[in-house]
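One structure below.
Nothing in this text is a laboratory measurement; each read-out follows from the coordinates by a stated rule. What you see is a predicted model, and the numbers here were worked out from it, not measured in a lab. Note that we place each Cβ from the backbone using ideal geometry, even for glycine, and neighbour counts take in every protein chain shown.
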Amino acid sequence: MTDNILAEILALKEMPVEGLQKKYSEVFDGKKATSNNKTFLWQRIAYRIQEIAYGGLPEPIYNKVKELVNEFDPINNKMLRPDIANKQLITRDRRLPIPGTIITKNYKGAEIRVKVLEKGFEYNGKFYKSIGAVATAITGVHWNGYSFFNL
């Protein structure tokens with residue numbers, strides 16, 4: 001990264017939100033910023049500045065990334081949303097990570113590892129129907145599982 005671009009990106013970090021919104025409009029061809037989050041704006045602008053200077057992702061890589069996002073999309077749990085084409089309604093709680101994810105937590109000096117399953121959870125080789133049941137098994141008292149695991 002050249003010194004000019006690095007200096008420009010670092011200068012953005014010191015700008016107020018209003019300045020970042022103006023800069024966003026400049027680098028994104030007049031589009032208005034949809035956020036007031038300073039960190040988000042700074043990251044988007046910094047990426048765009050580098051993209052303008054060095055070019056974006058090559059077309060085949062960009063297409064592969066889009067394909068993977070459409071297939072897996074772990075951030076928005078797209079694969080767990082209702083399937084309109086097959087008229088299926090999946091009633092999974094959106095706070096839960098996708099099946100196969102390992103939830104970890106340090107509790108009283110021990111690392112707790114819980115595997116998210118399609119219909120339940122696995123902890124210490126045992127199956128549990130709810131995340132709250134896992135939290136209760138760990139602590140010995142009733143806990144809200146989402147609170148216990150910070151989900």
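Database remark: amide H of Ile112 closer than 5 angstrom to the amide H of Lys105, Asn106, Tyr107 (H placed geometrically; neighbours at sequence offset of 5 or more, or on other chains; Pro and chain starts carry no H). In percent, rounded to a whole number, the relative contact order of the chain is 10, using alpha-carbon pairs under 8 Å and six or more apart. Considering the range 102-148 at the alpha-carbon level, its Rg and Dmax are found to be 9.8, 29 Å. In the set [x] -0.53; [y] -0.28; [z] -0.38, which value of log10 I(q)/I(0) by the Debye sum over Cα atoms at q = 0.09 Å⁻¹ was calculated from the structure you see? Read-out taken from this structure: [x].
Within the chain, the longest run free of exposed loop sites, counting trypsin sites (Lys or Arg not before Pro) that sit outside DSSP helix and strand states (H, G, I, E, B) and have at most 12 other Cβ atoms within 10 Å, spans 33-86. Add -39500 (n - 2.57) for each DSSP H run of 4 or more in the chain, then divide by its residues: what number comes out at 222 nm, to the nearest 500 deg cm²/dmol? Helix contribution divided over all residues of the chain: -13000 deg cm²/dmol. Counting charges near Ile103 (Lys, Arg +1; Asp, Glu -1) among other residues having Cβ under 10 Å from its Cβ returns a value of +3.
Residues with beta-carbon under 15 Å from that of Leu20, excluding Leu20: net charge, scoring Lys, Arg +1 and Asp, Glu -1? With Lys, Arg at +1 and Asp, Glu at -1, the net is +4. Each residue of the range 37-45 is assigned a 3J(HN,Hα), and the resulting list reads 7, 4, 5, 4, 4, 4, 5, 5, 5 Hz, derived from the Karplus form 6.51 cos²θ - 1.76 cosθ + 1.60 (θ = phi - 60°), x at Gly and Pro.
Measuring between alpha carbons in the structure, the pairs from Lys105/Lys126; Lys32/Lys66; Lys31/Lys66; Lys13/Lys64; Lys22/Lys64 lying more than 28 angstrom apart are Lys13/Lys64; Lys22/Lys64. Applying the Karplus relation 6.51 cos²θ - 1.76 cosθ + 1.60 with θ = phi - 60° to the range 51-63 yields 3J(HN,Hα) values of 5, 5, 6, 10, x, x, 5, x, 3, x, 5, 4, 5 Hz, where x marks Gly and Pro.
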